[in-house]
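The values are calculated or read from the model by the stated rules, or taken from the named source; none is laboratory data. What you see is a predicted model; the values in this text were computed from it and never measured. Because the Cβ atoms are built from the backbone with ideal geometry, glycine has one as well, and the counts that use them run over all protein chains shown. The protein model used for the area step is the full one, side chains on, heavy atoms only, and it has no ligands, DNA or RNA in it. Shrake-Rupley method; radii C 1.70, N 1.55, O 1.52, S 1.80 Å.
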Amino acid sequence: MNPAQHAAAVAAETARFIATVKGADPATPVPSCPGWTLTDLTRHTGSVHRWFTVLLSRRIQQPPASREVDLRLPEQPDGYPDWLATGAAEAAQVFADTDLDAPMWAWGLDQHARFWVRRMLFETLVHRTDAELALGLSPHIDRVPAVDGVDEFLTNLPFASFFAPGTAELRGPGRTLRFGCTDGDDDWLVRLRPDGFGLVTGDDRPRTADATVQGTAADLLLLLYGRLDRNSDAFQLLGDQDLIAHWFTHSSF
């Protein structure tokens, strides 16, 4: 997916999120986000939209000193779906007015404005699935964004230690873990090194891995975000089971 597709997908995912929660009981618990209600989930998603929009509009070149943003929160819980829609519309305008390929500070690998649009997409998509799960619905994720989401997650996880401290434990003497799609040819190889971990890219990647997790792209995405259990029938776990357990114990995002 390219930045324009990410921007369009943010709008589409937000619309699906709004359609899911509008008219639902705002106090409905969200099991995949323990302790949260639908109101909390919607407030969080909309707050992220507004925060990223501010960062993009300023095109900051260094880490921000403050996360304070005028959220303009609604007065009543039933006002959150429309509030989310307003924030998404503001974000879409900033996307359109911004050179998404322009250099910009980001906490992940890609130091360009487009990082934040891609990140907003998967923040919205995953929380849309949380809302659907909370209401007893079966989430559907198209394969193309699912593949892109797995890639985005694994690309940026090595840089996420400031809010995912467990990743500091993802170390090892060159041990490798492969994530492979059963609904296509896409796969990702992660190597754990003594000084850290990261994706192995390029045509010279090893063909074998110490452990492999296989599933559809959509299921892999939800697995990486902790929304599915790796021991479910959706996945095949091959090779070093201790390595797989170690990864999922310390890779919470």
Cα-centred dipole magnitude for the range 112-253, charges only on beta-carbon of K, R (+1) and D, E (-1), debye, nearest 20: 380 debye
Ordering of 186-193, 216-223 by packing [mean C-beta count within 10 Å, highest first]: 216-223, 186-193
Percent of beta bridges antiparallel (DSSP, the range 131-212, rounded to nearest 5): 85 percent
Mean Cα-pair separation over length for the range 1-143, i.e. relative contact order, pairs under 8 Å, 6 or more apart, %: 38 percent
Among (i) 12.2; (ii) 16.1; (iii) 13.8, the entry that matches mean projected area of the Cα convex hull in nm² as calculated here: (iii)
Accessible-area value, Glu123, 1.4 Å probe, nucleic acids and ligands omitted, Å²: 30 Å²
Dipole moment magnitude, nearest 20 debye, the range 75-162 about Cα centre, only Lys, Arg, Asp, Glu C-beta charged: 280 debye
Computed helical MRE - 222 nm, the chain, DSSP H runs ≥ 4 contributing -39500 (n - 2.57), nearest 500: -14500 deg cm²/dmol
Potential lengthening between Asn2 and Ser138 on full extension [0.36 nm per residue; Cα-Cα distance subtracted]: 46.2 nm
Label point distance in nm, Ala27-Asp183, each placed 7 Å from Cα along Cα→Cβ: 3.7 nm
Accessible area of the range 1-144 belonging to carbon and sulfur atoms, whole % at 1.4 Å probe: 54 percent
Whole-number percent relative contact order across the range 58-212, with pairs defined as alpha carbons under 8 Å at least 6 apart: 14 percent
Bridge type composition, the chain - antiparallel percent by DSSP, nearest 5: 75 percent
Per-peptide average of other Cβ atoms within 10 Å, ordering 16-23, 128-135, 226-233 highest first: 128-135, 16-23, 226-233
Accessible solvent surface per residue of the chain, calculated while the other protein chains remain in place, 1.4 angstrom probe, Å²: 47 Å²
